[in-house]
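See structure below.
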Amino acid sequence: MRAVFLDRDGVINHNRPDHVKNWEEFQFLPGALTALRLLSQTGYRIFIITNQAAVGRGLISIATLEQIHARLRAIAAYHGAQIEDIRYCPHRPEEQCRCRKPQPGMLEDLAARYRIDCRQAYLVGDALSDIAAGKQMGCQTILVKSGRGTDELRKPELRRYQPDHIASDLLDAARWILVEETTRAPTVALPLAAGTLMAPQ
Ligand SMILES: [Mg+2]
Ligand SMILES: [Zn+2]
């Protein structure tokens with residue numbers, strides 16, 4: 001099964017310049033839950049990787065962050081989407097850790113734990129730092145224009161961290177992934193197509 005790595009803020013929920021600090025500030029973006037369901041039900045394993053320097057800055061506790069993630073997973077499940085795992089980097093940029101994107105540490109850890117071939121995986125983010133992390137691991141990368149995406153597209157670094165595709169939002173990205181999959185080398189059948197073939201008449 002192929003994996004999709006998703007950034008959180010600006011991809012799944014509204015980005016806040018002052019950080020999402022509690023559940024009340026966590027607002028799903030339009031179409032995000034539909035996109036999660038679409039990916040999950042066509043057999044993709046969904047992973048979320050998010051920089052949360054707000055933890056290192058003392059703006060939110062680990063307990064509150066994990067509570068937000070538990071609710072996010074529960075609501076996604078209610079909408080028919082399974083989120084396999086959520087990883088966050090709690091460090092401040094000055095700490096120069098190996099997990100804060102653009103570093104690929106969170107992707108490396110997930111790839112090892114879940115035996116993911118990143119060259120067969122997709123990464124969706126609204127920042128060039130997401131794209132940079134994904135490219136280092138060989139993922140197919142998609143920049144969404146939601147969140148910070150539109151501003152990020154104006155940065156000169158775009159030339160260096162050119163995404164494989166630009167989508168308007170997560171739902172648009174999910175649809176692109178599904179179409180992309182049908183045009184890839186036919187190594188595996190699409191889960192949907194296989195299900196259709198096996199469906200009893
Ligand atoms: Mg983001
Ligand atoms: Zn970190």
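The values are calculated or read from the model by the stated rules, or taken from the named source; none is laboratory data. As the structure is a prediction and not an experimental result, all values here were calculated from the model. Virtual Cβ from ideal backbone geometry, glycine too; neighbours counted across all protein chains shown.
Among the residues of the range 125-154, those identified as free of Cβ contacts under 8 Å to residues at least 60 places away in the same chain and within 14 Å of ligand 1 (Cβ to nearest atom) are LEU128, ILE131, ALA132, THR141, ILE142, LEU143, LYS145, THR150, ASP151, GLU152, LEU153. In the range 54-61 there is no residue that is away from ligand 1 (no atom under 16 Å from the Cβ) and under 16 Å from the mean Cα position of the chain (by Cα). Per the listing ARG100, ARG71, ARG87, ARG57, the residue uniquely closer than 21 Å to PRO17 by Cα, in contact with a Phe, Trp or Tyr (Cβ under 8 Å, 6 or more places away or on another chain) and of a type outside the set (A, V, I, L, M) is ARG87.
Can you pull out every residue in the range 102-119 that is crowded, with 16+ Cβ neighbours inside 10 Å, more than 9 Å from ligand 2 (Cβ to nearest atom) and within 13 Å of PHE5 (Cβ to Cβ)?
Residues satisfying the conditions are PRO104, LEU107, GLU108, LEU110, ALA111, ILE116, CYS118.
For the range 41-53, the condition of being assigned to a helix (DSSP H, G or I), within 16 Å of ligand 2 (Cβ to nearest atom) and either surrounded by 17 or more Cβ atoms within 10 Å (Cβ to Cβ) or basic (Lys, Arg) (or both) holds for at least one residue. Taken over the range 126-178, the residue count meeting the criterion of being assigned to a helix (DSSP H, G or I) and among the small types (Gly, Ala, Ser) is 7. The set of residues in the range 129-145 being of a type outside the set (D, E, K, R), over 19 Å from TYR88 (Cβ atoms) and touching a Phe, Trp or Tyr at 6+ places or on another chain (Cβ under 8 Å) consists of GLN140, THR141, ILE142. Selection of the range 85-100 for residues being in a strand (DSSP E or B) and within 15 Å of ligand 1 (Cβ to nearest atom) yields ILE86, ARG87, TYR88, CYS89. The requirement of being part of a loop (DSSP other than H, G, I, E, B), within 16 Å of ligand 1 (Cβ to nearest atom) and within 23 Å of CYS89 (Cβ to Cβ) is satisfied by VAL11. Within the range 120-157, the residues that satisfy the criterion of being among the small types (Gly, Ala, Ser) and surrounded by fewer than 22 Cβ atoms within 10 Å (Cβ to Cβ) are SER129, ALA132, GLY138. Exactly one condition in (1) within 15 Å of ligand 1 (Cβ to nearest atom); (2) touching a Leu at 6+ places or on another chain (Cβ under 9 Å); (3) closer than 26 Å to ARG98 by Cβ is not met by LEU29; state its number. Condition not satisfied by LEU29: (3). Restricting to the range 160-201, and then to whatever is charged (D, E, K, R) and at pLDDT 75 or above, can you tell me which residue is surrounded by the most Cβ atoms within 10 Å (Cβ to Cβ)? That would be ASP169.
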